[in-house]
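Nothing in this text is a laboratory measurement; each read-out follows from the coordinates by a stated rule. Everything numeric here is computed off the predicted structure, so don't read it as measured data. For neighbour counting, all protein chains shown are included, and Cβ atoms are generated from backbone atoms with ideal geometry for every residue, glycine included.
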Amino acid sequence: MNQIFATTIASLLNQALKLNPTSLAALNEITDKVIRINLIGTGSNFSLFPDDKGIFILNDYQGETDVTIEIAPFTLSHLILNPTADLNNTTEINIIGDKEIAVKLLITIKRLDINWEEQLSQKLGSTAYIFGDTIRSSQSYINKHINNLETNLIHQLDLPTRIEMQNFTSAVEILRNDLERLEQKAQELI
């Protein structure tokens, strides 16, 4: 992800936050925190800097962070777009640092409740509601094709599958636990 893309995402996110003052106010809980997101399989990372005015995003920030989230791109989109998905029931994710910050960011983004039909109707008039009905009636069709696209892209780009990511994160967790036990044993011997 380059900086232009990161700036575009930040701009869209901040416009959505301005339309939902409750979510914008919720950012106060994580103001001055640095959140890095490493996109597994892409070699890209970006860092979020939330404050009371919105979120600033930098590409490839190398400074210290409060939390790092390692996640595959499709898992990230699933986590944000699926209302029932959260950090506890998503296995293809590794959080290093203060998990509570990641949880608060996710909750803030998921609570963005914007009446897009109303926003469009201010620009387009009553025809916006026709678009809204069409979009709602097409939602299952779109979801099916997004899932197919995800599967095809995983195969085409040779990205790890969900099961491979689960196995990898499980192996990392086992290794982390073994290392902690080894450190404890070494401390006991000293």
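Per-structure values
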read-out	value
Euclidean distance between Cα centres, the range 27-90 to the range 142-190, Å	17
Where trypsin sites (Lys or Arg not before Pro) in DSSP loops with at most 13 other Cβ within 10 Å are excluded, longest remaining stretch of the chain	112-190
Placed amide H near Phe56: partners under 5 Å, 5+ positions off or other chain	Phe49, Asp51
Length added when fully stretched, Glu29-Glu164, from 0.36 nm per residue minus Cα-Cα	45.2 nm
R0 of 41 Å, Cβ-Cβ distance Thr42-Leu189: FRET efficiency to nearest 0.05	0.45
Per-residue ³J(HN,Hα) for the range 10-19, Karplus 6.51 cos²θ - 1.76 cosθ + 1.60, θ = phi - 60°, Hz, x for Gly and Pro	4, 4, 5, 5, 5, 5, 5, 5, 5, 6
Chain lengthening between Leu19 and His155 when straightened (0.36 nm per residue, less Cα-Cα)	45.2 nm
Furthest towards positive pole of dipole, Leu27, Gln15, Gln156, structure part the chain, Cβ charges	Gln15
Helix-only CD estimate at 222 nm, as mean residue ellipticity for the chain, using -39500 (n - 2.57) per DSSP H run (n ≥ 4)	-18500 deg cm²/dmol
The range 138-181, dipole about Cα centre (Lys/Arg Cβ +1, Asp/Glu Cβ -1), debye to the nearest 20	160
Distance-filtered residues of the range 33-77 - backbone nitrogen under 14 Å, label point 7 angstrom along Asn148 Cα→Cβ	none
Residue list for the range 7-21, given a label point 7 angstrom along the Cα-to-Cβ vector of Tyr61 and an amide N cut-off under 20 Å	7-18
Amide H contacts of Ala72 (H built 1.01 Å from N, under 5 Å, at least 5 apart or other chain)	Ile40
